[in-house]
1. Only one of Ser164, Ser133 is open to solvent by less than 10 Å² (accessible area, probe 1.4 Å) and among the hydroxyl-bearing types (Ser, Thr, Tyr). Can you tell me which?
2. Would a scan of the stretch 179-192 turn up a residue that is touching a residue at least 60 places away in the same chain (Cβ under 8 Å), under 27 Å from Ala328 (Cβ atoms) and in a loop (DSSP other than H, G, I, E, B)?
3. Can you confirm whether Gln255 is within 21 Å of Ile178 (Cβ to Cβ), open to solvent by 20 Å² or more (accessible area, probe 1.4 Å) and either part of a helix (DSSP H, G or I) or of a type in the set (Ser, Thr, Tyr) (or both)?
4. Name, by its number, the condition in (1) farther than 28 Å from Val228 by Cα; (2) more than 16 Å from the chain's Cα centre (by Cα) that does not hold for Ala162.
5. Looking at the stretch 377-395, which of its residues are open to solvent by 10 Å² or more (accessible area, probe 1.4 Å) and either among the hydrophobic types (A, V, I, L, M, F, W, C) or on the phi > 0 side of the Ramachandran plot (or both)?
6. Look at the stretch 258-283 and say how many of its residues are more than 23 Å from the chain's Cα centre (by Cα) and open to solvent by 20 Å² or more (accessible area, probe 1.4 Å).
7. Is there a residue being open to solvent by 10 Å² or more (accessible area, probe 1.4 Å), over 30 Å from Tyr158 (Cβ atoms) and of a type outside the set (Val, Ile, Thr) anywhere in the stretch 94-110?
Amino acid sequence: MNNTDTTAKQTSDTNIQEHPYQERSYAVVLYGATSFVGQITAHYLTQFLSDPSNQNGSNSVTWAIAGRDQEKLETLQTELSAAQKDGQEKAKVDIIIANSNDETSLDKMTKQAKVIISTVGPYLKYGEPLIKSCTKNGTDYVDLTGEAIFIKDMMDQYQDDAKSSGARIVNSCGFDSIPSDLGVFFTQQRAEAKFDAPCEVINMRVKAAKGGLSGGTIASMATIFEEVGKDKARRKQLANPYLLNDDKNAPSVRQDNVSKPEYDSEHERWLAPFVMASINTRIVHHSNQLLGYEYGRNFKYDEAMWMKDGVKGKLMSYGMSVGLLGFATAMSIKPSREFLSKHVLTKSGDGPSKSEQENGYFDIRFFGETSKKEKIHTKVTGDKDPGYGSTSRMLAQSALCLAQDISREDIAGGFWTPASAMGEKLLTRLETHAGLSFEVVDSND
């Protein structure tokens, strides 16, 4: 090891010794708390943690909200105090001022927390400084990014630092990609129990979903299209189904990709592309690697939207496919991307109304088949808007799971996925506290 490497390791070790993980002031710090999804997450955490039945005696959760705007944070702090459950002392959640442009402020924040929740996107633009600070200071981290190339960049740059400091970095803890990642994990666990073998193939199909997009999601999509549009190497990265597999001998099995209208004769439905497949499939394959290829090295996985049968379903499938292609093309060209962002698409900070969040839902199906053609059918459902009502709960419970349920002896520092880091413990939390359900269902359901 050269002198520079030695110095870096000594600095990292000093930070950890000065701020031992178990002695930190906050179990969870929500960074970007005044963003659209950040506010929803903050309100959920307040409701959840102000219920004494959700606190664990001496291990009760202390948490804080963080961001760069003192005034907005104080307004949110007042709202959160008022929102605490009746009959409980109205305690104020603490505030931490931190800015992604100020490394010192980020370090001060991360040294106080066991787990940081980040809602500050687009992550390609704003995410790296916080990842750097967490990996330097041995702080666990969760986010809701759907930007696979961001995760790849961060793994390439900070994997060694995370392993050295003990920081567990778990990306994509929202609708991107927990239903897919834990849905496959659940399906494989049940297949092993029933058939004594994993599924060699799993097809995920979105049967139904209701919810809206926020400006933050739009901004993240615009950033990805901008990055891919100007760099051929980025396009090649994004097309690689094993982009996040960082072992030296990643699988080379050709993966199916529903990129145009197809007819599913087995289930008598038309299929259309699913916009989140490009991140979800990469997370699932990375989980397979991190779990020691429990799903098998020949494992195949794809995602698509289910449409109806008949002419109506065919038209819907073609319409969605053409619409997605047109949107992707427009967002890849700078003038049209800027026009859509300024005049058509939802602005950053805006998103679905409270009613839309509460009345949203999703129903996702997984069709698994072993190498012996044994079949299993499972489903994952959520009772809130997938992108925000459900995402905020998934994100919060992921952070709490990492802080309370997953020891550092069991899961060491490094970049992980929800399934590989938290698995069954997170699944149980989501069913108990987040309105998600994981079920084995009859093949005809």
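1. Ser133
2. No, every residue in the stretch 179-192 fails to be touching a residue at least 60 places away in the same chain (Cβ under 8 Å), under 27 Å from Ala328 (Cβ atoms) and in a loop (DSSP other than H, G, I, E, B).
3. Values: within 21 Å of Ile178 (Cβ to Cβ): yes; open to solvent by 20 Å² or more (accessible area, probe 1.4 Å): yes; either part of a helix (DSSP H, G or I) or of a type in the set (Ser, Thr, Tyr) (or both): no.
Criteria not met by Gln255.
4. Condition (1) is where Ala162 drops out.
5. none
6. 11
7. Scanning the stretch 94-110, I find no residue that is open to solvent by 10 Å² or more (accessible area, probe 1.4 Å), over 30 Å from Tyr158 (Cβ atoms) and of a type outside the set (Val, Ile, Thr), so the answer is no.
For every residue, the table says whether it meets (1) without any contact (Cβ under 8 Å) to a residue 60 or more places away in the chain; (2) in a helix (DSSP H, G or I).
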| position | (1), (2) |
| --- | --- |
| Ile96 | no, no |
| Ser100 | yes, no |
| Lys108 | yes, yes |
| Ile116 | no, no |
| Pro129 | yes, yes |
| Cys134 | yes, yes |
| Met154 | no, yes |
| Ala162 | no, yes |
| Ser172 | no, no |
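The values are calculated or read from the model by the stated rules, or taken from the named source; none is laboratory data. Values in this document were obtained by computation on a predicted structure and should not be read as measured data. Every residue, glycine among them, receives a Cβ derived from its backbone with ideal geometry; neighbour counts consider all protein chains shown. Surface areas here come from the heavy atoms of the whole protein model, side chains and all, with no ligands, DNA or RNA. Shrake-Rupley method; radii C 1.70, N 1.55, O 1.52, S 1.80 Å.
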